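One structure is given below, encoded as structure tokens.
The values are calculated or read from the model by the stated rules, or taken from the named source; none is laboratory data. On a predicted model such as this, the values are computed, not experimentally measured, just so you know. Note that each Cβ is placed from the backbone with ideal geometry, even for glycine, and that neighbours are counted across all protein chains shown.
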Amino acid sequence: MDINYEKVGLKVGLEIHQRLDTHKLFCSCPSIMREDEPHEWIRRRLSVSYSELGTIDPAARFESLRKRDFLYGIYYDTTCEVEADEAPPHPMNEEALEISLTIALMLGMEPVDEVHVMRKIVVDGSNTTGFQRTALVALGGEGSGIETKWGRVRMATLCLEEESAYIVESKSERAKYRLDRLGIPLVELATEPDIMYPEQAREAALKLGRILRATGKVQRGLGTIRQDINVSIEGGARQEIKGVQDLDLIPEIIRREVVRQLNLLSIRDELRSRDVKEEDLDIPIVDVTSAFSSSKSKLITKALSRGERVYGIKVKGFSGILGKELQPGRRFGKELADYAKVFGGVEGILHGDELPGYGIGKDEVNEVRELLGCDEGDSFVLVLGREDAAKLALDSVRERLKQALRGVPNETRRALPDGNTAFMRPMPGSARMYPETDVMPVNVRPVLERIKELPPMPEDQVRELMEKYDLTEELAWEIFDDGKVKLFERLSRYGVPTRFLASMLVSMVRSLKRESEPVENLGEEHFEEIAKLLGEGSLAKEAVPEVLRSLSRGEYSSAEEYVKTHRMSVDELDKVIEQVLEKLSSKVRERGERAYGMVMGEVMKEVRGKIDGSIVSKRVKEKLEEFLKAR
């Protein structure tokens, strides 16, 4: 679908979440992620309460309906009572505040005079307290933000908040989280909805991410930075799309969201033309299990064998609507299924636009329609499950069907790998925030006075890399974007050609990653050892990709061990050269000194990576000369 984004009134705002490289925000625990099993698990159940204004946040109400248990994994050495909500928070980490203020100043934002911590209700279990602590640090303005090809994108706010717990498992009856991530300082950068094109959003996210990295005070690696995208069109509604980590996916996510909203508006208009009313959907849930007493559908028989039943609702006037495609490969029925899964914990739904199917025959469909009282033009939705879960699921489906009559509902959605999105929960409301009484406000002025100068902007850092180390612009940006500027500068002292060094740190690692090699096992100490061996002449440049591959796999404990195993002496090299000369003797005598390239190529097939190429070249020339003189 070709889309005129100006005509549809596309508006996009970004929220960039970046973990800071300092200890946790409200305690002294280190900001590190664990992979091992927690030392102990604690169990909690959260409930929702009224705000100070006497209202309940819709997202909080939604989670409370699920009545789940939450298990939290704790570590005796890297988490404490603060994360477990067994002790009050410590004073705010002022180093994290200083980093946040530095970022704000780099973006031309205006810091607040005093930082007040707020509680943001979060009852999905990702915070043991039932809320996330967050603080407004700076405000944007006309002079704030970044320039893009399509114009300026202004900043709205910069907040400093605590990272949520790490989810290990999520089921309808319980969720498990590790507390190692909870409390890590997180900067949230929010832009104004100035973005009008999908590609502009990608460019803005890239530039903001580079400014964050330019501070040298942010964490690096998978999951340390993520983007939320707020998308709306004229006549639609704002959608908050959570957890986008791949910048290249941003334009496609936005494009597909625009398509989804346009299709939902088209469905709304179609339903209105059919004169469908919300009250038409206020019909009872019916047990239709009897329609499947002789069913040959494996889906049905398996559910019935578990003691489950089949429940359904009539959907007046919706014939053909549930099967309409909203996004590539995702139909409106899938939207309903997302609601059923989230609210009822069921596996999904069956609906009239896709049946007969799944082994369900036409006669069974006709009997279901009769039991539900469906007329021509009506459809239906079925859920397989226990009565309480099935009814929760169908109630949520019924509410979503009513929203279809209004157009596009405000939702929080999650990004899928193909660029589509799926429903997560309702959009939070204004009752979500209230003051934190356990943390004292922080006067910003003394912290600002500690910031003597701002870090160089990304463009300046890249320009310096190009000029000082004779790097191409592409290599310099790759080193910067991968967060390897300091490592590169440290390794340059070993005398390795700088372009090769940059390629080793970036291009070779990316190539191995594309081959699914576990490059995350490569540490800075490995690169430093390789650079040292290269500088000494103990390691051939040609061998570096294989050294990196072997180290990432854990086949060798060090690069030096690899070299000892694979190193070739000059005497061994000479024997290889002599064998090649003998093998190609007639051609060598015929070509004379012009045979050098041919001999060199054959020798390198045998010795590549085992000895430095410059040594090979020198010995081939010498041995060739000796061979020609002896003829």
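Checking the structure you have, find out if any residue of the stretch 148-158 is polar (S, T, N, Q) and not in a strand (DSSP E or B). No; the residues of the stretch 148-158 include none that is polar (S, T, N, Q) and not in a strand (DSSP E or B). Scanning the stretch 450-494 for residues that are buried (at least 17 other Cβ atoms within 10 Å of the Cβ), aliphatic (A, V, I, L, M) and either within 30 Å of the chain's Cα centre (by Cα) or not in a helix (DSSP H, G or I) (or both) returns 462, 465, 471, 475, 476, 479, 485, 487. Here is the figure for the stretch 495-548: residues that are crowded, with 16+ Cβ neighbours inside 10 Å, not small (Gly, Ala, Ser) and not in a helix (DSSP H, G or I) total 4. The residues of the stretch 379-392 that are more than 18 Å from residue 331 (Cβ to Cβ) and either under 33 Å from the mean Cα position of the chain (by Cα) or surrounded by 19 or more Cβ atoms within 10 Å (Cβ to Cβ) (or both), listed by number, are 384, 385, 389, 390, 392. Quick check on my filter: what residues within the stretch 349-369 are surrounded by fewer than 21 Cβ atoms within 10 Å (Cβ to Cβ) and closer than 20 Å to residue 320 by Cβ? Residues satisfying the conditions are 353, 354, 355, 356, 357, 358, 362, 365, 366. Checked against (1) surrounded by 12 or more Cβ atoms within 10 Å (Cβ to Cβ); (2) in the same structural domain as residue 516 (by TED's automatic domain parsing), residue 557 passes all but condition (1). Kindly indicate whether residue 5 is at pLDDT 85 or above, aromatic (Phe, Trp, Tyr) and within 25 Å of residue 190 (Cβ to Cβ). Yes, satisfied.
Taking the stretch 73-123 as the range and being in a loop (DSSP other than H, G, I, E, B), out of contact with any Lys or Arg (no Cβ under 8 Å at 6 or more places or on another chain) and either aromatic (Phe, Trp, Tyr) or without any contact (Cβ under 8 Å) to a residue 40 or more places away in the chain (or both) as the test, the residues that pass are 76, 77, 81, 86, 87. Each residue in the stretch 1-29 was checked for being more than 21 Å from the chain's Cα centre (by Cα) and part of a loop (DSSP other than H, G, I, E, B), and 14 pass. Across the stretch 325-346, the qualifying residues are those that are more than 21 Å from residue 372 (Cβ to Cβ) and assigned to a loop (DSSP other than H, G, I, E, B), and the one among them that is modelled with the lowest pLDDT is 345.
Kindly establish whether residue 442 is β-branched (Val, Ile, Thr), touching a residue at least 24 places away in the same chain (Cβ under 8 Å) and under 20 Å from residue 315 (Cβ atoms). In short, no.
The residues of the stretch 164-192 that are surrounded by fewer than 24 Cβ atoms within 10 Å (Cβ to Cβ) and under 20 Å from residue 104 (Cα atoms), listed by number, are 188, 190, 192.
Within the stretch 584-599, restricting attention to residues that are under 56 Å from the mean Cα position of the chain (by Cα) and surrounded by 18 or more Cβ atoms within 10 Å (Cβ to Cβ), the residue that is farthest from residue 570 (Cα to Cα) is 595.
Of all residues in the stretch 217-237, those that are over 22 Å from residue 182 (Cα atoms) and surrounded by fewer than 17 Cβ atoms within 10 Å (Cβ to Cβ) total 2. Counted as qualifying within the stretch 362-449 are the helices (runs of 4 or more DSSP H) with 3 or more residues that are closer than 30 Å to residue 233 by Cα, namely 387-406.
Just checking, does the stretch 290-309 include any residue being assigned to a helix (DSSP H, G or I), in contact (Cβ under 8 Å) with a residue 60 or more places away in the chain, within 14 Å of residue 380 (Cβ to Cβ) and out of contact with any Ser or Thr (no Cβ under 6 Å at 6 or more places or on another chain)? Yes, because at least one residue in the stretch 290-309 is assigned to a helix (DSSP H, G or I), in contact (Cβ under 8 Å) with a residue 60 or more places away in the chain, within 14 Å of residue 380 (Cβ to Cβ) and out of contact with any Ser or Thr (no Cβ under 6 Å at 6 or more places or on another chain).
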